[in-house]
Amino acid sequence: MALYYGCFVMLFSAALCLMAAAEGSSSQGWLIEDAFGFPDDQPPVRFVFGCENGETGEIYKQMADGIMGMGNNHNAFHSQLVERGVIEDVFSLCFGYPKDGILLLGDVAMPEGTQTLYTPLVSSLHMHYYNVKMEGITVDGQKLPLDATMFDRGYGVVLDSGTTFTYLPTSAFKAMAKAIGDYAEARGLQRTPGADPQYNDICWKGAQDAFQGLEQYFPTAEFVLGGDMHLNLPPLRYLFLSKPAEYCLGFFDNGMSGTLIGGVSVRDVVVTVSMDNGRYQYGGQCG
């Protein structure tokens, strides 16, 4: 989730702050400093965290217990541990599917034999974001006819684990949605409305009620990133289950605001952000 922060009132060792997300929701509360302890023999460190007392928009609707900030800024959870010398400036996470997942703090080695792909982080675009270069999109092995400069507009291409879905520039969204739809409908699937009438989701029915084997109905896609890194997108990484045996696109039209690569696009794959090496990598599974 792309976030913006503002702190208004200082009171002793606490600050009253407002956090606003790029998609319009917000959270407010107090920033407090306390000691953060570890389950091993590591001594506790001083740590700043938030206690919220108000939410709006999607943050409120999701009814989450809280948000762990892992953004590219000094007050993020991992950044504070880096500043205090506890870990290297590296973290990894994986959204397992259908359940489980991992969060690794520091430079933790992947299992032997894990194939890992890399793309450089672009450091000159926007503070607080993890930006990369996007060079194109393929669907079923065919590169979509897109002008790659569209991905440089707005806030660029942001790797955003806090955003559930992926958001693309209008031309890229339309081309990718059409290519996937043509492929699915040629294999007998039918368009159907989504489960929530307040959203104009693009959905299909007629497949089985499980992601396993969906490749017979939906194509594999790829985001082609800088350094010739191909972020593989099987159906699991661009669809969501709306109703039994009905699937909807998990990417949406973002106008010309920029590109957000959200959690759906990295399901069940370990992604690593290494500020030490200035790169983003993925490889290995956790589901």
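If L214 meets every condition in (1) open to solvent by 40 Å² or more (accessible area, probe 1.4 Å); (2) more than 24 Å from P145 (Cβ to Cβ) apart from one, which number is that one?
(1)
Which residues, counting only those in segment 44-62, are closer than 18 Å to H78 by Cβ and either over 23 Å from the mean Cα position of the chain (by Cα) or loosely packed, with under 10 Cβ neighbours inside 10 Å (or both)? Lay out the reasoning, then the answer.
As a first pass, look at segment 44-62 and keep what is closer than 18 Å to H78 by Cβ: 44-50.
Correct list: P44, V45, R46, F47, V48.
Closer than 20 Å to L144 by Cβ and of a type in the set (K, R) - does that describe any residue in segment 184-204?
yes
In segment 238-287, which residues are basic (K, R) and under 22 Å from R153 (Cα atoms)?
R279, the sole residue that qualifies.
Only residues that are closer than 28 Å to K205 by Cα and either outside the structural domain of A210 (by the TED database) or among the aliphatic types (A, V, I, L, M) (or both): list them for segment 230-284, please.
Once the filter is applied, which keeps residues that are closer than 28 Å to K205 by Cα and either outside the structural domain of A210 (by the TED database) or among the aliphatic types (A, V, I, L, M) (or both), segment 230-284 yields L231, L233, L236, L239, L241, A245, L249, L260, I261, V264, V266, V269.
State all residues of segment 231-254 that are open to solvent by 60 Å² or more (accessible area, probe 1.4 Å) and not in a loop (DSSP other than H, G, I, E, B); if no residue qualifies, say none. Walk me through how you get there before you give the answer.
From segment 231-254, those open to solvent by 60 Å² or more (accessible area, probe 1.4 Å) are 241, 243-244, 253; that's our starting set.
Residues satisfying the conditions are L241, K243, D253.
Yes or no: segment 214-222 includes at least one residue that is within 22 Å of D152 (Cα to Cα) and in contact (Cβ under 8 Å) with a residue 60 or more places away in the chain. Quick ask: steps written out before the conclusion?
Going through segment 214-222, the residues within 22 Å of D152 (Cα to Cα) turn out to be 221-222.
When the remaining residues are screened for being in contact (Cβ under 8 Å) with a residue 60 or more places away in the chain, the result is 221-222.
Checked against the condition, which is being within 22 Å of D152 (Cα to Cα) and in contact (Cβ under 8 Å) with a residue 60 or more places away in the chain, segment 214-222 yields at least one hit.
The values are calculated or read from the model by the stated rules, or taken from the named source; none is laboratory data. Model, not experiment: these values are computed from the prediction. Neighbour counts run over all protein chains shown; Cβ positions are idealised from the backbone, glycine included. Ligands, DNA and RNA are stripped out before the accessible areas are found, and what is left, the full protein with its side chains, is counted by its heavy atoms. Shrake-Rupley method; radii C 1.70, N 1.55, O 1.52, S 1.80 Å.
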